[in-house]
Amino acid sequence: MLRSLLERASSSGAVSSGILGVRALPEWDGPGSFSHHGVIAHVRPCISPLAMRQAIRQRASDDWLIVLTDCDESDLGVGLTRYLNGQRLRTPDPWDAVRTLFRAPRLDRRLVAGPRARDLALGLASVAQELDLPPAPAGMLTLDHVCGSLCERVLALRGAQSLSLEDVMDWSADARAVANIATLRERAGEVLTALVLRWIAARCGAAGPAVSALLESDRASSLAPLGLVARPVRESRNDVPRALLTRVHLSGTQVSEAGLDELASAAESVALRRLHRRDKQSAIDLSRLLRDADALATDISLGDDVAASTLLPSALERRLEHLGRALQLATERSRKAVLADPRGVSIPSEAAVSIEEAFTSVEEHAAAGTAATQRVRTARAGVRLVRWLAQPAPDFQDLADATRDYRDALGWVDRAYADAWRGVDGLPELASGLRAVVETTKARRAVSDSRFGALLASHAALDEALPSDVVRIEDLIPTVVAPLARGGRPVLLVVADGMSVPVATEIVDSLQLDSGLWHECLPDDQERRSTALAVLPSLTEVSRCSMLSGHLATGGQSAERSGFAELLRAQNLTGTLLHKKSLASSGGGESLPGDVAQAIDDTAQNQVVACVLNSIDDALDRTDPGIDWDTDAVQHLRPLLESAQRAGRVVVLTSDHGHVIERRAGHVLEAGTVSSNRSRPGGLPPEVTAEEVRVRGPRVLLHDGDAVLAVDESLRYGSLKAGYHGGAAPAEVVIPIHVLAVDPPRRWREAAPQEPLWWRESIQVAADPTAAIRETPPARKKEERGDQPTLFDTGAEQAPKRQETPPSWDLAARVAQSPVYRDQLSRAGRLPIDEARILTLLRALAHAPSHRVSIQTAASLLNIATVRVSGALPYVQRLLNIDQYAVISRDDDDIVLDLDLLREQFEVKA
C-alpha cells in the first residue's frame, strides 16, 4: 500500500523526492527503506508531532520519507503539514495497492462490491506482492484473472481459465490439494481463499454446490470419492443414501439429479485415467480414491445399490454375487436333466440369457479386464460352461467325429472347467454358482467320455481308416513334419510330454498374444487344425516312441533316438533329437546350451530338430494341478521358439499323450497288476466297471494287445498324484497338433481363430450361425447348373424367380433375397471372401447383444486370421454399406452392425 501511495504522490516518478504522510498506526516491522524508481524511500513510524518533526529534520533531501502516524492533521498543524506531499495526510487504500501491483487502473466490480472488500484487497495485495502475480490484461483486473492466477500459482490447479468439473475432480484427487488450500489461506487470508474456492465451484456446473461445500470445509479429497458413489445414489430407489449424503457429507447442501450425473461422470473419468496410466503414483492415488469411495458407500448405506458403479471394488463384488445367484438358479435342476438326457439342452435358454445379462454387467466394470481380477476370469469360465450346456450335445457314431468334437469343443470345455473348478474366495454366492455349473458339466462330460471310450474300443478292434485331419501319432512325422521339411521349410518339432488339448490351446494363445510374431497355420484345404490319437495305453513309453519312430514301437530314450534317426533316413531328411538332459543349460548367461542353439541354426544339416520337453509331465507327478500354462511355464520353450524364429523354422508343437487332473474327488480301484495309474491288463480281475473300457487291437502295445483303460477321470489304480495318463479319456488320448510360423509355408495360410463361438460370445451368437454353411450343399460349377442361377451368381445372372421365404428370425437370409442386395452383389465384383460367410457374420451380428461381436469372432465366422480382419472388412462393407452409409463398421476391437440402417437400406421390414 505504501508503494501505491508513493506511486501516486510521485506522479509515477515525475517527483523524485519528498515527504509522504500516511494515516496509520505508528508501527512498522518491514524494511526501514526500499527503492522506488531508483530513489530510496525511508519509513518512519511517528507517535507524536514531535517525533514527526524529528524525522523530517533528519531526512536526506534527495530521498523519500514516509511518515506513519495516527495523529490528526489538526494535531500536526500547518507547521508540519506544509512539509507533506499535497500538504495533507494520505489514507492508505489496499485497492490502490492492488491496482499498482496488477498494473490495472480499473477493477472488476465483483471484487470491490462485497461487505469484506477491504479484507479481500489486503489479502490480494499481500499474496500478489509475495508471488509476483502476472499483471491484469488490458488494464482491467477481473475476478477471473485474480482467481485463475491464484489457482495456477498456489493451488497447482492448471488450466484455470478453462476450468471444468473434471479438471477440479482430477486436481482434488491429488493428495496435495488440501495442503495447497491451506497454503492459500495462510498467504491470502480467509476472505480471498473463500472467493477463490467459490469461483472454482462456479465452474463446475450443476455440481457446483457440492464442490463448494466440500472445498470450503477443507474436504477437497472427498470430492472424487463422492463422485464415485454419485451414480449409485442417483439410481437408488432408496431415499436413505441420498439423505445421508446430503446431511452428513455435504452439510445439508442439496444436489440436483443433473449435479449427481455430472459428479459421477467426472469422477469416473478421473479414475479411469489413473487406471490406464499404469504408473505407481496413479495406482496409489486410485487405490486411495476407491478405498475412500467404498467407505463412503458403506457409510451412507448404499447396500446392493452400489452395484450401479462401474469402478468401485464393492460394486464388482456385488455384480459377481448376482452372477453367482443366476448360475446357481440356472443349474439347480440341470444335473438331473443331464442324467435323464445327456445329449439334451442342460440349461434353459431363458436362464442362459439371464446369466449373460449378469455377466455383461460384470464385464462392464472397469476392473473386469485387469490382471488383478482373477475372480472375473473364474466367473467367465463358469459362463462359458453355461453356454456349452445350453446347446444340445452331438451324438457321434465314429471315433473321428468324437475326436474332432474334443478338439473343437470339449477340449475348450475342459479348459474352462479347470478355471471354474478353482473357484473363488470371499464370494460365497459366486462360489456356490460355480460349484453347481462344475457339477453339471462334470455329469455331462462323464457321459461324453464314456461314449468316446466305447468308440475308441470299437476303432481299436477294427483299426479303421481315419480322415486326414485325425492322425495316428505314429504317422505325425511322415504326414505333417516331413512334407514341411521337404518343402523347403526346416522344422522345430516340440514334443511337450503330457500336453493335453486344453493346455496346448492355453500355451498357443499365450504365445500368439505375447510375441505377436508366431501365427498358427493350416493347409490351404483345411479349416480346422489337425489332431492325433495316442497309441494305447496312452503312455510315454509306447506313444512317444511310436511317434518318433514313425511306426508302432515301445521303448525309452535310446529306442526313440534310433527310431527317429531311421525315420528321417526313410524320409530323406536330416535332423537331430534332443531330450531333457541335452536341453539343460551348461552355465549362467545361456538360455540354451551352445550345441542346441547351433543345431537349430544349422538348417542344412538339421532339417528337423525334435525337442522333448518334460515340464507338464513332471508337474503331474508333484505339483498342484492349478497351473496357468503359458509360454514361460514350459521350461525351454521360449528360448527354443526364439532360436527357431531366427533360423526361419516352422514349429510343430505337439505331445505324446494328454492327461487328466486329480481334483481330490477320485477313488482307487484295487487292480493288482497295472501298467499305470490309468491302465491295467485285460482278462484279469476285477471285472471291467462302468468307469473303464476294454481295448484290444494292433495299436494296444502293452498287455499283449489287451488292456483295460480308465475312462472316468476320477478313477485311478495307484497312489495319489496331481494328474494321470494312460487311460482312454479323450483328455489322455487326443493329442494336439499346432503348426506355428512367422510367415506361412507354401500352400499353408494363417488359421482363423479355432475356439468355439461360445468361448467369446454370448448365447445368442453361440447358437452356431456357421450351421447354415455346413448344411448348404456345395455349389456346382456353372456348366453343371444349366439355366438355374444361384443366389450368389453375379453379373448378368439373376436370382431364382421363385424362392422359399426365409424365417422371420433369419434377417441375413431376408437381406440376401432383397433386390438391393442382388444389385450390390453385382456391383461388388469378385469378393475374396465367400458370400455365405459374410451372411453368416451378418446373422451373428443381428442376434448379438448391441449388435456387435469381437474381431476374433468375426474372423472365425469369415474363416480368416484375426490379423486379416482389417483387410477383409472393406470387402464386407463393399457388399453391405450402400452409398458409404455405415451398415457395418469397426469400433476398436469390435465389429458393429447398425440394424435399423440395414433394414432401411435393404428395404427389409422388422
- Query: In whole angstrom, how far apart do the alpha carbon centroids of segment 625-676 and segment 185-200 sit?
  - Reply: 68
- Query: Residue-wise, which Karplus ³J(HN,Hα) couplings in Hz belong to segment 404-420, taking 6.51 cos²θ - 1.76 cosθ + 1.60, θ = phi - 60°, and x for glycine or proline?
  - Reply: 4, 5, 5, 5, 9, 9, 5, x, 6, 4, 5, 5, 5, 4, 4, 5, 5
- Item | Label-point separation in nm, Glu904 to Ala258, each point 7 Å along Cα→Cβ | 3.0
- Message: Taking every alpha carbon pair in segment 549-645, what does the distance histogram look like in 10 angstrom bins from 0, in percent?
- Response: 14, 40, 35, 12, 1
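Dipole size in debye (nearest 20) for the chain around its Cα centre, Lys and Arg Cβ +1, Asp and Glu Cβ -1? Please list the in-between numbers first.
Numbers: 104 positive and 122 negative charges, 430 e Å.
Roughly 2060 debye, rounded to the nearest 20.
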- Which value in nm describes the separation of the simple spin-label points at Thr360 and Lys336, placed 7 Å from the Cα toward the beta carbon? 3.1
- Helix 313-331 vs. the chain, principal-axis angle (Cα, 0 to 90°, nearest 10): 30
- Item | Charge sum, other residues only, whose C-beta stays under 12 Å from Gly123's C-beta, Lys/Arg counted +1 and Asp/Glu -1 | 0
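Once R0 is set to 30 Å, what does the formula 1/(1 + (r/R0)^6) return for the Cβ-Cβ distance between Thr298 and Glu216, expressed as a FRET efficiency to the nearest 0.05? Don't skip to the end; give the middle numbers.
Values: r = 25 Å, r/R0 = 0.85.
For Thr298 and Glu216, the calculated efficiency is 0.75.
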- Task: Take every Cα-Cα distance within segment 93-203, group them into 5 Å bins from 0 onward, and report for each bin the whole-number percent of pairs it holds.
- Result: 2, 13, 24, 27, 19, 10, 4, 1
- Message: Calculate log10 I(q)/I(0) of segment 315-462 for q = 0.11, 0.13, 0.20 Å⁻¹, where I(q) comes from the Debye formula with a single equal point scatterer on each Cα and nothing for solvent.
- Response: -0.43, -0.57, -1.13
- Task: Just the Kirkwood number for segment 268-350, please: inverse of mean 1/r across all distinct Cα pairs, in Å, one decimal.
- Result: 15.6
- Item | 18 Å Cα-Cα reach of Lys280 towards aspartates and glutamates, excluding residues that sit fewer than 8 places from it in its own chain | Asp170, Asp174
- Among the GluC sites (Glu not before Pro) in segment 424-494, which ones are in a DSSP loop with at most 11 other Cβ atoms within 10 Å of the Cβ? Mind listing them? Glu464
- Message: Modelling each spin label as a point 7 Å along the Cα-to-Cβ direction, I'd like the Asp514/Arg57 distance in nm, to one decimal.
- Response: 9.6
- Note on the structure: The FRET efficiency for Ile284 and Asp628, from their Cβ-Cβ distance with R0 = 22 Å and rounded to 0.05, is 0.20
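Rank the residues Tyr885, Tyr417 as a footprinting-exposure proxy: fewest other Cβ atoms within 10 Å of their Cβ go first. Mind dumping the intermediate values first?
Values: Tyr885 13, Tyr417 23.
Least to most surrounded, the residues fall as Tyr885, Tyr417.
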- Task: Please report how far the C-alpha centroid of segment 115-170 lies from that of segment 414-465, rounded to the nearest whole angstrom.
- Result: 68
- Length gained when the stretch Ala465-Asp401 is fully extended (0.36 nm per residue, less Cα-Cα span): 21.8 nm
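So in the chain, what percent of DSSP beta bridges are antiparallel if you round to the nearest 5? List each step's numbers first, then the result.
On the way: 34 of 70 bridges.
If I count the DSSP bridges inside the chain, around 50 percent turn out antiparallel.
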- Query: For segment 315-462, what's the relative contact order in percent, using C-alpha pairs closer than 8 Å and at least 6 residues apart?
  - Reply: 37
- Gain on full stretching of the segment that runs from Ala690 to Arg528 - 0.36 nm per residue minus C-alpha separation: 55.0 nm
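Rounded to the nearest 500, what is the 222 nm mean residue ellipticity of the chain from helices alone, with -39500 (n - 2.57) per DSSP H run of 4+ residues and division by all residues? Write out the running numbers ahead of the final one.
Values: 38 runs with 421 residues, N = 910.
Helix contribution divided over all residues of the chain: -14000 deg cm²/dmol.
Hey, what D do you get for the chain in µm²/s if you plug the Kirkwood alpha-carbon radius into Stokes-Einstein at 10 °C and 1.306 mPa s? Spell out each step's value before the answer.
Values: Rh = 34.2 Å.
For these conditions, the coefficient is 46 µm²/s.
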- Item | Of Lys442/Lys721; Lys581/Lys721; Lys442/Lys581, those spanning more than 29 Å from alpha-carbon to alpha-carbon | Lys442/Lys581
- Query: Which whole-number percent gives the relative contact order of segment 166-311, counting Cα pairs below 8 Å spaced six or more residues apart?
  - Reply: 31
- Message: What whole-number volume per residue, in cubic angstrom, does the convex hull of the C-alpha atoms of segment 210-311 give?
- Response: 86
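Return the loop-located trypsin sites (Lys or Arg not before Pro) in segment 444-528 (DSSP other than H, G, I, E, B) with at most 14 other Cβ atoms within 10 Å of their own Cβ; answer none if there are none.
Values: sites: Arg444, Arg445, Arg451, Arg472, Arg486, Arg528; in loops: Arg528.
Answer in residue order: Arg528.
Order of Lys909, Lys580 from fewest to most other C-beta atoms within 10 Å?
Working: Lys909 6, Lys580 16.
So the residues, fewest neighbours to most, are Lys909, Lys580.
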- Among Ile627, Ile600, which comes first, second and so on when ranked by fewest other beta-carbon atoms within 10 Å? Ile627, Ile600
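Given an 8 Å cut-off on Cα distances and at least 6 residues of separation, report the relative contact order of the chain as a percent.
Numbers: 1579 pairs, mean separation 73.7, N = 910.
The normalised contact order for the chain reaches 8 percent.
Using the Kirkwood formula over every pair of different C-alpha atoms, what hydrodynamic radius in Å results for segment 392-496? Intermediate results must be reported in sequence, preceding the final value.
Numbers: mean 1/r = 0.0595 Å⁻¹.
Hydrodynamic radius (Kirkwood, Cα pairs) of segment 392-496 is 16.8 Å.
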- Note on the structure: Within the under-14-Å Cβ sphere about Ser549, not counting Ser549, Lys/Arg +1 and Asp/Glu -1 give a net charge of -1
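Below 12 angstrom from the Cβ of Ile600, what's the summed charge of the other residues (Lys, Arg +1; Asp, Glu -1)?
Values: positive: Arg646, Arg649; negative: Asp595, Asp601, Asp602, Glu642.
Here the count lands on -2.
The numbers here are math on the coordinates, done by the rules we state, and not lab data. Note that the coordinates shown come from a computational prediction; the quantities given were computed from them, not determined experimentally. Quick reminder, even Gly has a Cβ in these numbers, built from the backbone with ideal geometry, and neighbours come from all protein chains shown.
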